[in-house]
1. Return the residue satisfying two criteria in turn: it lies in segment 69-94 and is at negative phi and part of a loop (DSSP other than H, G, I, E, B), and of such residues it is surrounded by the fewest Cβ atoms within 10 Å (Cβ to Cβ).
2. Residue pairs, Cβ under 9 Å, 6 or more apart or interchain, first in segment 62-78 and without any contact (Cβ under 8 Å) to a residue 40 or more places away in the chain and within 17 Å of residue 94 (Cβ to Cβ), second among the β-branched types (Val, Ile, Thr) and in a helix (DSSP H, G or I). List them.
3. Assess whether residue 49 counts as being of a type in the set (D, E, K, R) and at pLDDT 95 or above.
4. Taking the criterion of being within 17 Å of residue 94 (Cα to Cα), out of contact with any Gly (no Cβ under 6 Å at 6 or more places or on another chain) and among the β-branched types (Val, Ile, Thr), would at least one residue in segment 7-19 satisfy it?
Amino acid sequence: MKTKKVLVACGAGIATSTVVNSAIEEMAKENGLKVNLVQIKISEVGSHKDTADLLVTTAMTQADFPFPVINARSFLTGIGTEQTKKEILEALKA
């Protein structure tokens, strides 16, 4: 199975994306999935659009990308986290 390049983006590319990054890393390990996590600012997503497989973000984005975009704000609020994790896993397994 090929390694999936996952962009983890928040407004500044530091605080909230670190939380999401750790959660994805853990899920990938638990499910035997290979991921290459790239922590970035939301403004940098465009420069990865030809190589990424998935974007998981806590920031708002209206842009269209050629890969799935999953809103991960639930990791910050604690509400709906399980559903978000399910979406991420489905995207990684696709």
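The values are calculated or read from the model by the stated rules, or taken from the named source; none is laboratory data. The shown structure was predicted, so the numbers you read here are calculated from the model rather than taken from an experiment. Here the Cβ positions follow ideal geometry from the backbone for every residue, glycine too, while neighbour counts run over all protein chains shown.
1. 94
2. Listed pairs, sorted by first residue: 65/45; 69/45; 70/84; 70/88.
3. It is false that residue 49 is of a type in the set (D, E, K, R) and at pLDDT 95 or above.
4. no
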